[in-house]
Amino acid sequence: MVFMGLNILGVSIAATFELVVTVLAVVELLVFMGVVAPGFSFSNFVLNGWSGTSSFSLDSIPGIFAAIPFAIWFFLAIEGAAMAAEEAKDPKRTIPKAYVGGILTLVFLALGVMVMAGGVGDWRQLSNINDPLPQAMKAVVGSNSSWMHMLVWIGLFGLVASFHGIILGYSRQFFALARAGYLPAYLAKLSRFQTPHRAIIAGGLIGIAAIYSDGLVNLQGMSLTAAMITMSVFGAIVMYIISMLSLFKLRSSEPNLERSFRAPGYPIVPGIALVLAVVCLIAMAWFNTLIGLIFLGFMAAGFLYFLLTGQLRAAAPADAMLTGL
């Protein structure tokens, strides 16, 4: 509720708060890597690295594919940076920089944390617990170290940054869809602070309902929130596939279209991204069949809603972000 309130009060306040807590979260991860570095051993990191065995075999392949959703989750929601385009002073310049900088930061932190945490001891002891970083640090400095207390307290800023970033992203997404006629126009209203307060509250209520319903639903042995995370990965992969297909289509049909950011290495790099996304989608569907079917059901319901609400889009005001005017 506090974070929703900050976002309603204005994007400047929300963005400043997000920047502060994100910097603190990044500093915490850098400190973690530095503190556990003396205890790192590459032999520990690679020990039993093939599905619990020391050598590769066909039995290792299912484990590799089953880990794909967790790898994707490292970078999920990075596309939310585009949701701030209308509130950025120079979006054509700043949004591409935000994407590149964000992805490079995530790659560095994800690899650093994974390697350092997995190399301080037997990584299998960290694989099924909810606090792997404190436990990895404890193996190096002990449970009474001040570094441990720092990690636990500052680690909360990572959660705060995630919550805040998600609110910023979903509210702008709801607002943009409502303004274009894809969602009820009620969600497209702005507050006196020029923020989409109704979209912020609507998404927040959905999130609160999901939290309190977590123990009531079990899908494939997962709690509701865990299943929703898996389902969000399905959505992200489908979006990546559609984005790559759209890129190829627009390069072919609109070669002279003004582009503030051109995909590097076209068509090889986008082609590789498309193939990898398809492989990830197949792996996700194979290991999460029930959740995949539920996702398809939601997609079908969304398509039906799209067909039935054409009049809303026809009545929606012209959107300069869509028409280029």
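The values are calculated or read from the model by the stated rules, or taken from the named source; none is laboratory data. Quick caveat, the model's predicted, so the values are computed rather than measured. Cβ atoms come from the backbone with ideal geometry, glycine included; neighbour counts cover every protein chain shown.
Restricting the search to region 113-127, which residues are of a type outside the set (A, V, I, L, M) and part of a loop (DSSP other than H, G, I, E, B)?
Matches in region 113-127: Gly119, Gly121, Asp122, Ser127.
For Ile237, work out the one condition from (1) touching a residue at least 12 places away in the same chain (Cβ under 8 Å); (2) under 22 Å from Lys92 (Cα atoms); (3) assigned to a helix (DSSP H, G or I) it doesn't fulfil.
Of everything listed in (1) touching a residue at least 12 places away in the same chain (Cβ under 8 Å); (2) under 22 Å from Lys92 (Cα atoms); (3) assigned to a helix (DSSP H, G or I), Ile237 misses just condition (2).
Mind checking whether some residue in region 158-180 is surrounded by 13 or more Cβ atoms within 10 Å (Cβ to Cβ) and assigned to a loop (DSSP other than H, G, I, E, B)?
Yes, the conditions are met somewhere in region 158-180.
Yes/no per residue for (1) under 23 Å from the mean Cα position of the chain (by Cα); (2) over 30 Å from Leu307 (Cα atoms); (3) assigned by TED's automatic domain parsing to the domain that holds Met1:
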{"residue": "Asn128", "(1), (2), (3)": "yes, yes, yes"}
{"residue": "Leu133", "(1), (2), (3)": "yes, yes, yes"}
{"residue": "Asn144", "(1), (2), (3)": "no, yes, yes"}
{"residue": "Phe174", "(1), (2), (3)": "yes, no, yes"}
{"residue": "Ala178", "(1), (2), (3)": "yes, no, yes"}
{"residue": "Gly204", "(1), (2), (3)": "yes, no, yes"}
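Can you tell which of Phe40, Phe75 is surrounded by 14 or more Cβ atoms within 10 Å (Cβ to Cβ) and in contact (Cβ under 8 Å) with a residue 40 or more places away in the chain?
Sole residue among the options that is surrounded by 14 or more Cβ atoms within 10 Å (Cβ to Cβ) and in contact (Cβ under 8 Å) with a residue 40 or more places away in the chain: Phe40.
If you go through region 78-94, how many residues are without any contact (Cβ under 8 Å) to a residue 24 or more places away in the chain and either of a type in the set (Val, Ile, Thr) or over 26 Å from Ala14 (Cβ atoms) (or both)?
Of the residues in that region, 1 qualify.
When the residues of region 277-305 are filtered to those that are at pLDDT 90 or above and aromatic (Phe, Trp, Tyr), which remaining residue is nearest to Ala226 (Cα to Cα)?
Phe295
Considering each residue of region 181-226, count those that are within 22 Å of Val11 (Cβ to Cβ) and not in a loop (DSSP other than H, G, I, E, B), and give that number.
Total satisfying the criteria: 15.
Among the residues of region 214-221, is there at least one that is out of contact with any His (no Cβ under 8 Å at 6 or more places or on another chain), in contact (Cβ under 8 Å) with a residue 24 or more places away in the chain and not basic (Lys, Arg)?
Yes, the conditions are met somewhere in region 214-221.
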